Amino acid sequence: MKRLFCGLILASVCSAAQAKTLVYCSEGSPASFNPQLVADGTSLNTAHPIYNGLVEFEIGTTKVVPVLAESYTISKDKLTYTFKLRKGVKFHATKTFTPKRDFNADDVLFSFEKQWKKDHPYHNVGGGTYEYFEGMDMGKVIKSIKAIDPMTVEIALNYPEAPFLANMAMPFMSILSKEYADQLATENKKEQIDLAPVGTGPFVFQSYAKGSSIKYSSFDKYWGKKGNVEKLIFAITPDANVRAQKLKTGECQFATDPAPSDLQALQADSKLHVASAPGMNVGYLAMNVTKKPFDNVLVRKAINHALNRKAYIDAIFLGNATVAKNPLPPTIWSYNESVKDHDYNPEKAKELLKQAGLANGFETEMWTMPVSRPYNPNGKKLGEMMQADLAKVGIKVKLVTFDWPTYLAKSKAGEHALIQFGWTGDNGDPDNFLGILLGCSSVDSGSNYARWCHKPFNDLILEAKKNTDVKKRTDLYKKAQVIFKDEAPWVTIDHSTVFKAMSKNVKNYKMDPLGADIFNHVSIE
């Protein structure tokens, strides 16, 4: 990107001219800029500069802190949450919208009721599917949301919900402008709320060219702490090797999720810094249990035994990952160490297929991820290795992929058979893996890609959410992991180390344990 900005200007002059521009080489195009509508990290990264929530996770930690709420209280019975709102917070002004008032309770009610109430005038804008809100049963948890006064909001629950405050800190509970929504409704342009977003965050959305770039400018009326970046540009670069090359040549100052094969060269470059941390993540292959033959647990177990996951980690991750046996990583409390994994055993896979009446195998499709993520840095290569392993047991696989927004949309609709996916935790709670990815509510909301609704499992995770005793919750989640392994709706593949590469003049960047790239406090030297 620096070439675009600098042309033939001398490097030293160019560097000074670009001192407060941060170009971020991202991995894909967003499905939407509205964090209520998406659950993938690629899309959520594009929303972080724009929005704030009532509470958020302190950058670099899983500690919940007040943001647009300056304080909050929780009743002794854990059924009432009262938020005192921050005064003087401004919304972004854009070419088409000039706010006439500050943030208040109307914006909070609009943002939450839009997702909750099916008769809300904005509920169906953008498709009407709220993956997190619905998948986490927020509509069942919440009894009422009231504005006590313009700067106080009270949320009453139907029952105690252990992860409720952590869920409130997630991006899907970000605050949108009701005033902007009202203007768009008058202009008959409601869809613009997702395409031309307005928030209270440190950066103002400027433009988007699909597959190319997203541009933001610093918000000079931002209420909180921010770095000195004046222009933030996402240079959309799906190929991880190309991202690394752009970083080395100065076309971007930050590259997300470099390929394992590039790490050594990046670490050896004196102008660059490579940060790393254990990932709160899981990579997996989901089997759509609503399609034959994946409705048969024998077939699902056969596929588990047919895949040589250790070989994938050696070849694709170059050792920067461990084989996963559970659907949540060891860094999450309640991880069940005693679960017995499915071993690599092609002969056992063949025997299970024979028991399922498929001794001669079958044909199917596997969708491979089109973007690189820490838990799957090369979907195409992973797909090819899986394809070869499955062929050895008689399963003929056709590999298919799409651009990222299409991949997400089609998979949410359940069009796939086998599909590569993964997840990075949003809030440090086990429910964020077991509920969001495998709960019955998440089949309809779209984040349960196996479309597996198993009552014994679902009953355990629902009971765990309602219990505030961590020991009891741990016992319930451990039992749920045993059922998951026995029912085998996924092949659990890996838990990976996360790497971020950046120029050494990028300061104050903190790696997010929840996987996001957040530049709100970053400065350029």
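The values are calculated or read from the model by the stated rules, or taken from the named source; none is laboratory data. These numbers come from a predicted model, not from an experiment. All Cβ positions, glycine included, derive from the backbone under ideal geometry; neighbour counts span all protein chains shown. Only protein heavy atoms, including side chains, enter the accessible area calculation; ligands, DNA and RNA are left aside. Shrake-Rupley method; radii C 1.70, N 1.55, O 1.52, S 1.80 Å.
The table below lists the values:
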read-out: Partners for LYS95 among aspartates and glutamates (Cα-Cα distance below 17 Å; same-chain residues under 8 apart left out); value: GLU179, ASP182, GLU187, GLU191, ASP194, ASP220
read-out: Whole-number accessible area per residue in Å² for the stretch 434-491, which is evaluated in the context of all protein chains at 1.4 Å; value: 37
read-out: The stretch 344-419: mean projected area of Cα convex hull, nm²; value: 5.5
read-out: Solvent exposure ordering (accessible area, 1.4 Å, most first) of CYS440, CYS25; value: CYS440, CYS25
read-out: Computed over the stretch 244-377, the ratio Rg/Rh where both radii use C-alpha atoms and Rh is Kirkwood; value: 1.07
read-out: Accessible carbon and sulfur surface of the stretch 82-235 relative to its total accessible area, %, 1.4 Å; value: 49
read-out: Sequence of VAL153, VAL65 when ordered by accessible area, the most exposed leading, probe 1.4 angstrom; value: VAL65, VAL153
read-out: Cα pair distances of the stretch 166-221 binned at 5 Å [whole percent]; value: 4, 16, 21, 21, 23, 13, 3, 0
read-out: Whether the stretch 318-368 is rounded, prolate or oblate, judged on the alpha carbon gyration tensor where a/c under 1.5 counts as rounded; value: prolate
read-out: Highest average packing first - 308-315, 459-466, 93-100, Cβ atoms within 10 Å; value: 459-466, 308-315, 93-100
read-out: The stretch 72-148 shape via C-alpha gyration tensor axes, a/c threshold 1.5; value: oblate
read-out: Coil-residue GluC sites (Glu not before Pro) of the stretch 29-79, DSSP, other Cβ within 10 Å capped at 13; value: GLU58
read-out: Residue-count net charge about VAL522 - beta-carbon cut-off 15 Å; Lys, Arg +1, Asp, Glu -1; value: +4
read-out: Extended-chain gain in nm, criterion 0.36 nm per residue less alpha-carbon gap, LYS189 and LEU109; value: 26.7 nm
read-out: Which listed pairs, of LYS248/LYS381; LYS190/LYS215; LYS350/LYS472, have C-alpha distances above 29 Å, in listed order; value: LYS350/LYS472
read-out: Accessible area in square angstrom per residue, the stretch 261-315, 1.4 angstrom probe; value: 39
read-out: Kirkwood-based shape ratio for the stretch 104-214, expressed as Rg/Rh from alpha carbons; value: 0.98
read-out: The stretch 294-350 - Rg and Dmax from Cα coordinates, angstrom; value: 13.0, 36
read-out: Computed Rg/Rh of the stretch 17-150, alpha carbon atoms with Kirkwood Rh; value: 0.97
read-out: Within the chain, helix-based [θ] at 222 nm, where runs of 4 or more DSSP H residues each add -39,500 (n - 2.57), nearest 500; value: -8500 deg cm²/dmol
read-out: Accessible area, probe 1.4 Å, largest first, for residues THR237, THR468; value: THR468, THR237
read-out: Residue pairs, from the table LYS63/LYS465; LYS310/LYS340; LYS178/LYS500; LYS76/LYS510; LYS398/LYS500; LYS20/LYS225, whose Cα atoms sit over 27 Å apart; value: LYS178/LYS500; LYS76/LYS510; LYS398/LYS500
read-out: Taking the chain and dividing mean pair separation by its residue count, relative contact order in percent (alpha carbons under 8 Å, at least six apart); value: 21
read-out: Global geometry of the stretch 294-441, whether rounded, prolate or oblate, following the gyration tensor of its Cα atoms and the 1.5 cut on a/c; value: rounded
